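Chemist: One structure is given below, represented as structure tokens, and several questions about it will come after.
Read-outs: derived from the displayed coordinates by stated rules, not from any lab. Fair warning: this is a prediction, and the values are worked out from it, not measured in the lab. Quick reminder, even Gly has a Cβ in these numbers, built from the backbone with ideal geometry, and neighbours come from all protein chains shown.
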Amino acid sequence: MKPKSPKFDPGQVTELTHSAQPAATRAPGGPGSAPVATPTLAVINPATGRRITSLPADDVRRVRAKFAAACAAQPGWSALPLRRRLDALRRFRDAITGESEKLARLLTAETGKPITQSRNELKGLEPRLDFFLRETPRALRTERVHRDRAAKLTEEIAWEPLGVVANISAWNYPYFVGSNVFVPALLAGNSVLYKPSEFAAGTGLAIARLLHASGVPRDVFIPVIGAGDVGAALARQPVAALCFTGSYATGRAIARAVAGRMLKLQLELGGKDPVYVCDDVDVEAAAAGTAEGAFYNNGQSCCAIERLYVHEAIHDRFVAAFVRQVRGFVIGDPTREETYLGPLTRPAQLDVLEAQVADARRKGARILLGGSRRKRPRQTFSPTVLVGVDHTMAVMREESFGPIIGIMAVPDDAAAIGWMNDTEYGLTAGVYTRDETRARRILAAVRSGSAYWNCCDRVSPRLPWSGAGHSGVGLTLSRHGIQALCRPKAWHLQQPVGLTAGRLQGTENRAE
């Protein structure tokens, strides 16, 4: 049996999160004010049910004070040359790398993510940060879009910071999801109020500690700690932008709450992501790729495969190969190196999965694997494969966000396109086939923010991450995601009559 990774010491939460809260905002009030009781947030290990620690949490008063501090600090941060902000984020990247093993073990303890997958997230963060460090100067460079020498007119687009950005992040990939917003926001000159999920609050404080140690001022990046009520309090602050990652239901509530405020709203919400497996594939290879796409991180990914459509000519062979792959996934203690599936992070999701299985079974689906929760580890649901499914069933229509997949036979490409589009979501969609032209034709007809040919559950910093319908509004990543955290300013530059062409040329050089 392979050994466990080094055991996580609960005392390391203090070490990893120490001094993350800005001094000016830890205790609102000031000299002579009455003592204020500090609320706390319990950090629970989902695999054991034991409390790891309790963290100081925020309330409405503290959130208001943190917003005021972020407002006051933002002009000074944006006034720094971009190279100074880049230097701070480079040091942050190096700090993450230096503490990656400790950070991975904290992430596993908080969320139940298998230790190898926690390490993968931290390792994958490095090229993402490198992208932002390399691309931000290009994305924010003032662009001359028109020059009329005769009229002595120049037109330019410049990029300015928005101000204070509220970043309400997620627990399933806290380093990826959070950095998609706070890194370009900071580089652009914004200050950030960062609320990590209550299920990954220790990780959020660790991020804040490393940013502060790397030279980002404490009032420029301020963690906001608590559950949904604290997130609601943050959303009520008059921030310039609000970026949220989470469920459609919460995103809709946020959109309604801020509708009259005219702020920049970015919502990265759920998905019911489909993949179609064509009849010309290597069945074993396609089964292996899609099984990983459905079950990696316990299916707790917004771009995990949640619906599989398989051409009827290969359906039975594909299903058999798929089930063999899933049977090989090791379920167990997330601290063990060999574990592929551990506990679900949120206990409430067990009820969602059980309800979807019961609904599908009642309507005629067959369970080939799994179908129920397991006793050990705690909060674990068996990887579940359903066939004989259709679109009357919740498992094919509602987000599962867990280790469950329905596989449906289809007669041809046209039918597959119809079923793939039969959803209110539109995050990602994929096609497995040997024929690129066929894949492009199918995916062009499917409404989704990302299209995958012979791959799935993949995010690239070079490409925009966006969705349609209930999958949200706005985008992160790519050059467009950097610019989304800025305000474009249109410059109309008309030289006075009488200036020479040489002086006009000099003005243009200075503008660069």
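Chemist: What does the charge count near Leu41 come to, summing +1 for each Lys or Arg and -1 for each Asp or Glu among other residues with Cβ under 14 Å from its Cβ?
Modeler: Net local charge, Leu41 excluded: -2.
Chemist: Which links in Lys123/Lys195; Lys113/Lys375; Lys102/Lys123; Lys264/Lys489; Lys66/Lys489 stretch past 19 Å when you go from one Cα to the other?
Modeler: The pairs that break the limit, which is 19 Å between Cα atoms, are Lys123/Lys195; Lys66/Lys489.
Chemist: Can you give me the P(r) profile for the chain? Cα pairs, bins 10 angstrom wide beginning at 0, each as a whole percent.
Modeler: 4, 18, 26, 24, 16, 8, 3, 1, 0
Chemist: Please label the shape of the range 51-138 as rounded, prolate or oblate, based on the square roots a ≥ b ≥ c of the eigenvalues of the alpha-carbon gyration tensor (a/c under 1.5 means rounded; beyond that, a/b larger than b/c means prolate, else oblate). Kindly include the intermediate steps, with their values, before the conclusion.
Modeler: Numbers: a/c = 2.98, a/b = 1.13, b/c = 2.63.
The shape class here is oblate.
Chemist: Something else now. Hey, what do the phi angles of the range 283-298 turn into as Karplus ³J(HN,Hα) couplings, whole Hz, using 6.51/-1.76/1.60 and θ = phi - 60°, x for Gly and Pro?
Modeler: 4, 4, 5, 5, 5, 5, x, 6, 5, 5, x, 8, 10, 4, 6, 6
Chemist: Right, another one. Between Asp422 and Arg83, what's the calculated FRET efficiency when r is the beta-carbon distance and R0 is 60 Å? Round to 0.05.
Modeler: 0.75
Chemist: I've got another one for you. Using only the alpha-carbon atoms, how far is helix 501-511 inclined from the longest principal axis of the chain? Give it as 0 to 90 degrees, nearest 10.
Modeler: 50
Chemist: Taking the alpha-carbon distance from Lys363 and a cut-off under 20 Å, which aspartates and glutamates remain once sequence neighbours fewer than 8 residues away in the same chain are dropped?
Modeler: Here the aspartates and glutamates satisfying the reach criterion relative to Lys363 are Glu306, Asp351, Glu354, Asp390, Glu398, Glu399, Asp422.
Chemist: Compute the angle between helix 201-213 and the longest alpha-carbon principal axis of the chain, please, reported from 0 to 90 degrees and rounded to the nearest 10.
Modeler: The angle comes out near 30 degrees.
Chemist: Let me ask another. Sort 378-385, 76-83, 54-61, 187-194 for me by packing, meaning the mean count of neighbouring Cβ atoms within 10 Å per residue, highest on top.
Modeler: The peptides rank, most packed first, as 187-194, 378-385, 54-61, 76-83.
Chemist: Using per-residue counts of other Cβ atoms within 10 Å, averaged over each peptide, order 264-271, 310-317 from highest down.
Modeler: Highest to lowest by the protection proxy: 264-271, 310-317.
Chemist: Would you please state which residues of the range 257-281 a label at Ala313 would reach in this model, taking the label point 7 Å out along Cα→Cβ and a backbone N cut-off of under 11 Å?
Modeler: The answer is 278-281.
Chemist: Using alpha-carbon positions, what is the distance between the centroids of the range 368-417 and the range 98-147, in Å?
Modeler: That distance is 31 Å.
Chemist: So, one more: Using the Cβ atoms and a cut-off under 14 Å, what net charge is assigned to the surroundings of Ser179, where Lys and Arg are +1 and Asp and Glu are -1?
Modeler: With Lys, Arg at +1 and Asp, Glu at -1, the net is -1.
Chemist: Restricting attention to the range 348-404, which GluC sites (Glu not before Pro) occupy a DSSP loop and are surrounded by at most 14 other Cβ atoms within 10 Å? Numbers along the way, then the final one.
Modeler: On the way: sites: Glu354, Glu398, Glu399; in loops: Glu398, Glu399.
Filter output for the range 348-404: empty list.
Chemist: Going through the range 147-227, which trypsin sites (Lys or Arg not before Pro) have at most 11 other Cβ atoms within 10 Å and a DSSP loop state?
Modeler: Within the range 147-227, the qualifying trypsin sites (Lys or Arg not before Pro) (loop, at most 11 other Cβ atoms within 10 Å) are Arg149.
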